[in-house]
Structure formats: C-alpha cells, structure tokens
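**Q** If you scroll down you'll find the structure; I have some questions about it.
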Amino acid sequence: MNDQGDNRITNLSRSQDESFSEVCERRFSRRAFVKTGVAAGVAAATLGLAGCSSDKAPSESAAQDNRWRESNPYKSSFDFHEVEHGGDEHHHVAPDHSAEVLIRWGDPLFRNAPEFDPSAQTAESQSLQFGYNNDYVGYLGLEPKKGQEARALLCVNHEYPIAGLMFPNFPKDGYEKLSAEQVAITQAATGNSIVEVGLKDSEWSVNTNSKYNRRISTLDTEIEISGPAAGHHRLKTSADKHGRVVIGTMNNCAGGMTPWGTYLTCEENFNNHFLGEIPDNHPEAENHARYNVPYDYTNWGKHDKRFDIGVEPNEPNRFGWVVEIDPLNPKSRPKKRTALGRFKHEGGETIVAPDGRLVVYMGDDQQFEYLYKFVSRDTVNLDRPKANQDLLDHGTLYVAKFYDEGYLEWLPLEHGNGPLQAEFESQADVLINVRKAADLLGATPMDRPEDVVPNKENGKVYVMLTNNSKRKEANNANPRVENYFGHIIELTELDNDFTSTRAYWDVMVKCGNPDVPNHQAMWNPKTSKNGWFASPDNAVVDPSGRLWVSSDQGGKAFMSGTNDGLWALETEGSMRGTGKMFFRVPNGAELCGPAFSDDGESLFVAVQHPGDTGKPGEVRAETASTQWPDFADGMPPRPSIVVIQKKAGGQVG
Ligand code: FEO
Ligand code: CA
C-alpha cells in the first residue's frame, strides 16, 4: 500500500525507549554465540560474522567510483539491458523483454460478468469482475490443456479502494459522502481474485470459463476463524455470537503460497476501514490504540455498522490475520489462521525446514514494528495435500530481537513465556494483541518490515525494510536515523535450519542514491546509475535462486527522481549488493506481487494505484497523473497485472 495511508507510530513506548545502549545489553556474549555456531560445524567466517559490515563500504567510495561504474561493463548473473530511472505515464521493461497487460481492474472474471463501465458500476458487477488495486500475485501451475504451453491459477490480492480514482467526477468532499452503494462497490472491489490463465502460442490470456475463477470480498464472503483464537470472546460480535465466522478479508497486501498449493493472503492496514469511538476505559481501548483503530477514510462504518467500533468494538479483532485459501476448491471457505498472530501483515512466504516442518516469515508493516516467523508443530506432507489442511493451526510464533553484533534471537510468543503469563489470560489473548506481547518480550522495533523471503537455493532469508522517517536513534540493524530510503537485511538461520531460534544477519544494501552523500546509501560500487532504488517492498526469488525487489516510495518518488519499479539484485560473490533496473511503473503507481511461472519464463507483476500522485483523498480519475493502461476517454487509470516474457524466449532476466 502507498504508505501515505497510515504512517502514525503506535509503538510509542518501544520507539522512544529502545536506546542504542539498551540494544547493546546482551543476554549472550557474542563469543558464546560464535562458539555455538562453530560447534554446529558452521564456520563463523562463512556466516558473515564480520557481522556489522553494515558500516563498511560507505557511500563516499561509491560516489568516487562513479566514472568507473559508467564506463565499465561488468559480469552480471542477469542478462538484460537496464531500464533507466525516470517517470512518465507509461510502463517500461528491459528492451529485450515484452510486457503485456493481462488483466485490469473491472475486467470480467466470469462468462456472465458485465463489461466494465466505470460510470455505471454496481457492487453486483464488481463482484463478477477483477478487483481494484492488485497487490500480491501467487502462481499455482496446473497441467496445460491440449494446445497450451502452460496453465496456472493466479491468486491475486486487491488491497484497498481509492474512491477518488474509482468513481468518475468524484466530488471534493466525496469521502464523507460516500453512499451505501459506493461503499458496497468498494467492498466488492477489495479482497481477492483467483483467475485461470493459459499460455498459447507464447501469449498469456485469461480463461473466463474456468471453474476455478473466484472473487472473495469484504462484501459477502464467509471466512472461518481457525486456530487458537477461534471462538474467543474478544472475537464475538452481534452477527457472530460464536466468534468463528467473519464476512470478508481486507487490506490484503502481500502473501505466499504453501508447498501444498494453498494461498496465504495477509491482512495489513485493516484499521483504515473503522470509524467511531469507544470509552478510554473500554477493555479494547489499549488494543485498538496499539493497532491505530480507528483510522477511517472509507466511510464503511457509516453504512455498514460493523465497521463502527462504538457499535461493534470486537470487529477490528477479526481482521489483521493471515488467511489461507484453497484455490483448487472454489467452494471452500477460506480460513483465518490465528496461530500466525494478529498484526499488520505484509506477507507470509513459506519454506519447508530440513526436518519437514513449515516456516512462514512475516513482517508487520508499520514504523517501529517487528519481524516474525511461524514454525509449524507438524511436518508437511507433500504427497497428500489434504493432510496439511490444519497444519497452520498448530505451531510457535516467534518475534525477532536483533543484537548489534550481527545475530538475532527468535523469541517465542507463548503464553507461558516470561511476562506474557501474567499479562494475558491465554494464548488466544496473546495472538489477538501480539504487538503488545512482542513489546513485553523486548523485540527489536524495525524500519517497517515488508516482504521476508527465504531462498531455498542458498538458505538465506531476505528482509525488506522499506523506510522509517521517524527513527531518531540508529542501531546496527536499523542503521540510519530518519531512514527515508529503507534497507535490506539478509538472515542466515543457525545451522542453516529455518526452525532455529537464532540467526546471523547482515545489512546487504542501504537504499537511496549512492551519489548523494546525505542519503548515506550503501551499494556495491559496481551498481549502475539506474541500479539503486528506494523503499524496498515486495521481493521474490526466481527459480534460479536470484533475488528481485520491487519498490514503493509511497508518493515520495520526487526524493529519488524515479518512479517505482522492479530491480534485480545480486546476492552472491563480488557482485553482491548490485542492483539492476528491470521494470518501471507509470506515474503514481507502485510495483507489487512479482511472481514467476515455475519455469521462470514468465513474470507476473501487479501495477498498483497508477495515477495516485498527490495528497491522499485529493486524487481524481480525470486529472490523475496517468490514464494507464487504456488512455481512453471516460476510462480511469486501472490497476492491472502485466506479464513479462523474454522476446527471444527463455528465462526472464
Ligand atoms: Fe500494503 Fe506494506 O504495503
Ligand atoms: Ca506492500
């Protein structure tokens, strides 16, 4: 999401009192930790225990290397010609590739869906059409049909509505006046789409006849609440006396696919849809303040009373979860997996650990919030997908505490753990206000954790930290005050075991312009003038184990001088920390959901909120900074999925 939506800090206590010296108060000496690593047969040197090398390779040296960078080609593991930094109304891809719009907001998903007409939109039509603001894209390969080269289901998040871009001639004070029908349209436009796509004669297209196509929305989809918090009294409302079924999932930002073929969709800024008040002494007052509830800009609560916390104070507790959807069973009820905790989930990327258990890496995308992982209790059964249907209901949720010496501890968010025993009544209670539990355990407040992506090829885990302009005190894991440009941390779990409770970490790049000293950026000096970026957000590892990172500067593209986009980022060898620009989005957009086909020959990217330039609430379709992708009279800019292929065939990039 464009971060203009919600950038208040709610972790006030931690952000103010987490001083540098406090971070330096160590429960383990570094030496003891190194010893453990060596004992486990892992040489400290290979694990980057130069550790805080984050302070080496300063930006000045990069600036000095400028001439060298521009005149000397270098060996890259990526084989494409770079896109240049810049910004205009169009998208741009590396010249040796094609980039075609595959599906746009409003395009029919079903045979009986009406064609998109923005001036006559209804909630009913929207429920049969592709939703708004596509974010995460998951790729689930299917057996191709006769004549096809490939077939897949795309699992797509539709994060949030922008009424000023969705409704023609939207009035100045339109947000306060959104009608009941407009609210219903925006509810129908968010949530998820499952859509079948096929590749024939090297061209991808949507199959509107597919039995798998599905819309899930906040308007009318029943979602089951599952796991330890299901049925808890804090999840009960007047519409759901048992606390087990909720209508809809919303603010679905990024996500992940499980090894058994289900789709995890992650609820992020759910607070944006709530309005109303509760008294300061209400039992939920502290909890709601910690999650920025209410933070209304959509007027849902006026017409749909469950989004008014004065009427339904528990309704916000029913959002902020990871939801599992089975795309192969279009009639199945999605499940909110409460064992994974309630926070502003960015994504949920999964990997199977050496012992067969599943690990899900997750970021809480707000300034000074935390990095989490979930480790399942049971092992994954790859032979029988059904056997995993409740795997995500049992396991341990951990939060990260970073130490300046280059390692971290994963702290279990278990009810019996230290201060959590007295502060919470049960594990369900811990999971509902997991931010408070993480505060109590002394987790490290980070610079807005976004995607966290494990790489099964090399065992590393990449953590996108998008920015944090409010940081006043630096530490080695969040090394810049007023961090406008973000950074990327690489984790190496102890013993290369994703279930470990300790890991080594290293700052791989500090984003921003390496030629501007006050950005204090850190890149490999071989990075070209287009190769650096700002505000890393989504990321993906391609089938060859190479890392790709997309950016979301949240309306601050003027600071970097380039629109958002997708960059290839070297992670190994002498080129480590070198970026290369691959795709650039049109004005006002961010780039989300990069997803590769299984063979790496197609790349699906989500262009979110094109034309959304300017102050929140003020943008309008008619005057937007682009009318991409249609550029047609009466047609607003439309968030769309773009599919990228190499012109000569073969692996993308
Ligand atoms: Fe929805 Fe973290 O961006
Ligand atoms: Ca995002």
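The values are calculated or read from the model by the stated rules, or taken from the named source; none is laboratory data. Since the structure is predicted, the reported quantities are computational estimates derived from the model, not experimental observations. Note that we place each Cβ from the backbone using ideal geometry, even for glycine, and neighbour counts take in every protein chain shown. Surface accessibility is based on the protein's heavy atoms, side chains included, excluding ligands, DNA and RNA. Shrake-Rupley method; radii C 1.70, N 1.55, O 1.52, S 1.80 Å.
**Q** Sort through 527, 562 and tell me the only one that's part of a loop (DSSP other than H, G, I, E, B) and within 26 Å of residue 457 (Cα to Cα).
**A** 527
**Q** Quick check on this structure: which one of 600, 614 is surrounded by fewer than 22 Cβ atoms within 10 Å (Cβ to Cβ) and closer than 24 Å to residue 348 by Cα?
**A** Sole residue among the options that is surrounded by fewer than 22 Cβ atoms within 10 Å (Cβ to Cβ) and closer than 24 Å to residue 348 by Cα: 600.
**Q** Moving on to the next point. Looking at this structure, is residue 348 out of contact with any Lys or Arg (no Cβ under 6 Å at 6 or more places or on another chain) and open to solvent by 10 Å² or more (accessible area, probe 1.4 Å)?
**A** For residue 348, the condition - out of contact with any Lys or Arg (no Cβ under 6 Å at 6 or more places or on another chain) and open to solvent by 10 Å² or more (accessible area, probe 1.4 Å) - is not met.
**Q** Residues in region 111-131 that are in contact with a strand residue (DSSP E or B) (Cβ under 8 Å, 6 or more places away or on another chain) and not in a loop (DSSP other than H, G, I, E, B): how many?
**A** Residues meeting the conditions: 1.
**Q** Residues to consider are 247, 225, 194; find the one that is out of contact with any His (no Cβ under 9 Å at 6 or more places or on another chain) and under 18 Å from residue 307 (Cβ atoms).
**A** 247
**Q** Taking the stated definitions as given, is residue 281 part of a helix (DSSP H, G or I), farther than 20 Å from residue 133 by Cβ and more than 16 Å from ligand 2 (Cβ to nearest atom)?
**A** So residue 281 does not fit the description; no.
**Q** Of everything in region 144-171, what is acidic (Asp, Glu) and more than 16 Å from ligand 2 (Cβ to nearest atom)? Give them in sequence order.
**A** Within region 144-171, just 149 meets the criteria.
**Q** Can you name the condition, by its number, that residue 325 falls short on among (1) within 14 Å of residue 249 (Cβ to Cβ); (2) within 14 Å of ligand 1 (Cβ to nearest atom)?
**A** (2)
**Q** Can you find a residue that is modelled with pLDDT of 95 or more, part of a loop (DSSP other than H, G, I, E, B) and open to solvent by 30 Å² or more (accessible area, probe 1.4 Å) anywhere in region 316-328?
**A** There is at least one residue in region 316-328 that is modelled with pLDDT of 95 or more, part of a loop (DSSP other than H, G, I, E, B) and open to solvent by 30 Å² or more (accessible area, probe 1.4 Å).
**Q** Just one of 618, 601, 590 is touching a residue at least 12 places away in the same chain (Cβ under 8 Å), acidic (Asp, Glu) and over 28 Å from residue 197 (Cα atoms); which is it?
**A** 618
For (1) closer than 21 Å to residue 454 by Cβ; (2) of a type outside the set (Lys, Arg); (3) free of Cβ contacts under 8 Å to residues at least 24 places away in the same chain, each residue gets a yes or a no:
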{"position": "377", "(1), (2), (3)": "yes, no, yes"}
{"position": "392", "(1), (2), (3)": "yes, yes, no"}
{"position": "410", "(1), (2), (3)": "yes, yes, no"}
{"position": "420", "(1), (2), (3)": "no, yes, yes"}
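**Q** Still on this structure, please answer the following. Check off (1) outside any loop (DSSP other than H, G, I, E, B); (2) open to solvent by less than 20 Å² (accessible area, probe 1.4 Å) for residue 554 and give me the number that stays unchecked.
**A** Failed condition: (1).
**Q** Of everything in region 187-222, what is surrounded by fewer than 22 Cβ atoms within 10 Å (Cβ to Cβ) and among the aliphatic types (A, V, I, L, M)? Give them in sequence order.
**A** Across region 187-222, the qualifying residues are 199, 206.
**Q** Could you list, in sequence order, all residues of region 419-451 that are part of a strand (DSSP E or B) and either over 18 Å from residue 269 (Cβ atoms) or in contact with a His (Cβ under 8 Å, 6 or more places away or on another chain) (or both)?
**A** Within region 419-451, just 447 meets the criteria.
**Q** Same structure again: Considering region 229-268 alone, what residues qualify as being within 16 Å of ligand 2 (Cβ to nearest atom) and farther than 25 Å from residue 359 by Cβ?
**A** 250
**Q** Please work out which one of (1) in contact with a Pro (Cβ under 9 Å, 6 or more places away or on another chain); (2) farther than 30 Å from residue 151 by Cβ; (3) among the basic types (Lys, Arg); (4) open to solvent by 40 Å² or more (accessible area, probe 1.4 Å) is the condition residue 234 fails and give its number.
**A** Just one mismatch for residue 234, condition (4).
**Q** A further question on this structure: Taking region 516-551, which residues are of a type in the set (D, E, K, R) and either at pLDDT below 95 or crowded, with 24+ Cβ neighbours inside 10 Å (or both)?
**A** 526, 537
**Q** Which one of these does residue 102 not meet: (1) out of contact with any Ser or Thr (no Cβ under 7 Å at 6 or more places or on another chain); (2) open to solvent by less than 20 Å² (accessible area, probe 1.4 Å); (3) away from ligand 2 (no atom under 16 Å from the Cβ)?
**A** Evaluating residue 102 over (1) out of contact with any Ser or Thr (no Cβ under 7 Å at 6 or more places or on another chain); (2) open to solvent by less than 20 Å² (accessible area, probe 1.4 Å); (3) away from ligand 2 (no atom under 16 Å from the Cβ) leaves (2) as the failure.
**Q** How many residues, within region 200-213, are assigned to a strand (DSSP E or B) and more than 14 Å from residue 103 (Cβ to Cβ)?
**A** So the count comes out to 1.
**Q** How many residues are open to solvent by 10 Å² or more (accessible area, probe 1.4 Å) and within 16 Å of ligand 2 (Cβ to nearest atom) if we restrict to region 130-143?
**A** So the answer is 1.
**Q** With the condition kept exactly as written, say whether any residue in region 293-303 is among the aliphatic types (A, V, I, L, M) and either within 15 Å of ligand 1 (Cβ to nearest atom) or within 20 Å of the chain's Cα centre (by Cα) (or both).
**A** no
**Q** Quick check on my filter: what residues within region 476-507 are open to solvent by less than 10 Å² (accessible area, probe 1.4 Å) and either modelled with pLDDT under 95 or assigned to a strand (DSSP E or B) (or both)?
**A** 478, 483, 487, 488, 489, 491, 492, 493, 503, 504, 505, 507
**Q** Now a separate question. For region 429-446, indicate whether the set of residues that are within 16 Å of ligand 2 (Cβ to nearest atom) and at pLDDT 95 or above is non-empty.
**A** yes
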